[in-house]
Amino acid sequence: MDSKPAHCAALRELANQHPDRDIFVVETDANRAIQDEIGSVNWNGKRAVMFLDPYGMEVEWATLEAIAATKAIDVWFLFPLAGLYRQATRKSGDIDKSKRTAITRILGSDAWEGELYSDLGQADMFGGGEKQRTEDVKGLERYVKERLETIFPKVLGPLALPRGEKPQRYSLFLCISNPAPAAIRLATGVADYIFKAGNSS
Ligand SMILES: C[S@@+](CC[C@H](N)C(=O)[O-])C[C@H]1O[C@@H](n2cnc3c(N)ncnc32)[C@H](O)[C@@H]1O
């Protein structure tokens, strides 16, 4: 799925080079399509793997909830950690409305502001004060994993990507929807292999 016609055209061209494979390019807004349509599929006895590969903060929490609700889809989520630490500025006074909205949309709740920021100790004339982010980049990554664990029975990773780049830009997680221990074991075996290969490359 991609919302950009030019990107879909390139994907179709690639698909045409592989006529032996079943490839369907869906030109659409992935948040809308997943949230509106995934629930109408009977997922009983089915399994699927999804890859969410955004540039930035495009993935909506409601999309992740819809995926988790299938109890059938394992989703590789390339979380935009750089997007998060740029929006969640060190000082709370620098978080404008669009930053606040983007963070809440991807984390699914506005509780992050109370959980990630604490007082600097200097109250302003109205009794309120500037707050400072208490978590560094790794702390933000841990926070994201904890959020994902509130809706997925198992979350594996993250793998920091791109390898060797500082500051880290992305965190690759595998979020497993199916709560059955056998399903989690199987997905964990695949994930361990991929994370190990990613860590040694
Ligand atoms: C990092 S690129 C994906 C690259 C692709 N996985 C590949 O390996 O070639 C992110 C893509 O997400 C698309 N995108 C951004 N927001 C979207 C949305 N809401 N729905 C669908 N696609 C979206 C962009 O057009 C862009 O092509």
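Counting only aspartates and glutamates at least 8 places from Lys91 when in the same chain, those with an alpha carbon closer than 17 Å to its own are Asp110, Glu113, Glu115, Asp119, Asp124, Glu130, Glu135, Asp136.
Taking every pair of Cα atoms in the stretch 47-200, average 1/r, invert it to obtain the Kirkwood radius, and report Rg/Rh to two decimals. Could the numbers behind the result be given before it?
Working: Rg = 16.9 Å, Rh = 16.5 Å.
For the stretch 47-200, the value is 1.02.
For the stretch 5-138, the gyration tensor built on C-alpha atoms gives a prolate shape. Its axis ratio a/c (a ≥ b ≥ c) is at least 1.5, and a/b is the larger of a/b and b/c. As a length-normalised measure over Cα pairs under 8 Å and 6 or more apart, the relative contact order of the stretch 1-40 settles at 53 percent.
Explain nothing, just the number: relative contact order of the chain, from Cα pairs under 8 Å at least 6 residues apart, as a whole percent. Please list the in-between numbers first.
On the way: 282 pairs, mean separation 38.6, N = 201.
With pairs under 8 Å counted, the relative contact order is 19 percent.
Could you give the dipole magnitude of the chain about its Cα centre, charging the beta-carbon of Lys and Arg +1 and that of Asp and Glu -1, in debye to the nearest 20? If you can, show how the numbers build up before the last one.
Values: 26 positive and 28 negative charges, 100 e Å.
It works out to roughly 480 debye.
Excluding the site residues themselves, the longest part of the chain lacking any chymotrypsin sites (Phe, Trp or Tyr not before Pro) in a DSSP loop with at most 16 other Cβ atoms within 10 Å is 127-201. Building the convex hull from the alpha-carbon atoms of the stretch 1-40 and averaging its projection over directions returns 3.1 nm².
Just so you know, all these numbers are worked out from the coordinates, no wet-lab data involved. No experiment lies behind these values; they were computed from the predicted model shown. Every residue, glycine as well, gets a Cβ built from its backbone with ideal geometry; the counts of neighbours run over all protein chains shown.
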